[in-house]
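Encoded as structure tokens, the structure appears first; notes follow it.
Laboratory data are not the source of any read-out in this text; all were calculated from the coordinates shown. Computed from a predicted model, the values in this text were never measured in an experiment. Heads up, the Cβs are rebuilt from the backbone with ideal geometry, glycines too, and the neighbour counts pull from every protein chain shown.
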Amino acid sequence: MIKKEETHTDELTGLLSRRGFMVRFEVAVVKAKAGMEEIPLTLALLDVDKFLNINEEYGHKAGDQMLLAVAESLMEHAGDEALIGRYGGDEFVIVFPGLEREQAFLRMEQIRQVLSQLELVTADGKTIHGIFISGGVASFPIDGRTDNELLRKADHALYRAKASGRKQIRLAFEERMVPKTTHYTQTQLERLSKLAEEKKASEADLLREAMDDFLTKYGVNDIET
């Protein structure tokens, strides 16, 4: 079992919990912006391919065993400076301070290959050959300048990795914006403008974030069945 952090710790894996990770991620982004020259920072999201099938075929204890194995591999191979958290369920998140996205991509690809070669023996003697993951990578400042924007870009890259066959890591890329005719009330627009000013974010970024939340609420972003 991984030694637990003193606070904001995931009970199963000993990694940072989602809440604990987000606190440290926000601080890491601020630090990346703070100096005379901005320091690169890369975020990676990953999850286990077809994890629901693992739970159904081998049982939830085997699923927990797999999540622990993923956590151990991330701790071993992500690097001493990395921030690692369990984002929820079978999804994990990593921040690589100081790494450009191509460097982080190679680190994630190494982790993916290491996990694919693992063998787990369950409590009832069954063997699971390989842990297969998909991941998405986004970097500051090239892909986004806020924690929310980086999370959104990494999530979209993860989605594309899943949609295009799984077992791969994808980089964020410049998104093609599609104009839509929309109608908002004057009050909504005024409140949006105020929120953007408070958050020091663009109105467009906030609207895209809201759309992602809306799609997630109705399961449109789901890949696994």
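Loop only by DSSP, 11 or fewer other Cβ within 10 Å of the Cβ. Give me the GluC sites (Glu not before Pro) in the range 1-103 that pass, ordered by residue number.
Loop-located and lightly packed - 6, 11, 37, 81.
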Amide H neighbours of residue 170 at under 5 Å, excluding residues fewer than 5 places away on the same chain, with H built from the backbone geometry, are 135, 136, 137
Taking r as the C-beta separation of residue 123 and residue 55 and R0 as 22 Å, the FRET efficiency to the nearest 0.05 is 0.95
How far, in degrees from 0 to 90, does helix 60-77 lean away from the longest principal axis of the Cα atoms of the chain, to the nearest 10? 70
Angle, helix 186-199 long axis vs. longest principal axis of the chain, Cα atoms, 0 to 90°, nearest 10? 60
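Can you give the direction-averaged projected area of the convex hull of the alpha-carbon atoms in the chain, in nm²?
Across all orientations, the chain yields a mean hull projection of 14.0 nm².
Among 105, 92, 140, what is the fewest-to-most ranking by other Cβ atoms within 10 Å? Numbers along the way, then the final one.
Numbers: 105 20, 92 29, 140 24.
Lowest count first: 105, 140, 92.
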On a 0 to 90 degree scale, rounded to 10, what angle separates helix 203-217 from the longest Cα axis of the chain? 40
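Taking neighbour Cβ counts within 10 Å as the exposure measure, how do 156, 129 sort from fewest upward? Present the calculation step by step, with values, prior to reporting the outcome.
Numbers: 156 21, 129 10.
The order, fewest Cβ neighbours first, is 129, 156.
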What are the residues whose amide H is under 5 Å from the amide H of residue 14, where those residues sit 5 or more places off or on another chain and H is modelled from the backbone? none
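Can you give me the relative contact order of the chain as a percent, contacts being Cα pairs under 8 Å and 6 or more apart?
Values: 346 pairs, mean separation 42.6, N = 225.
Relative contact order here is 19 percent.
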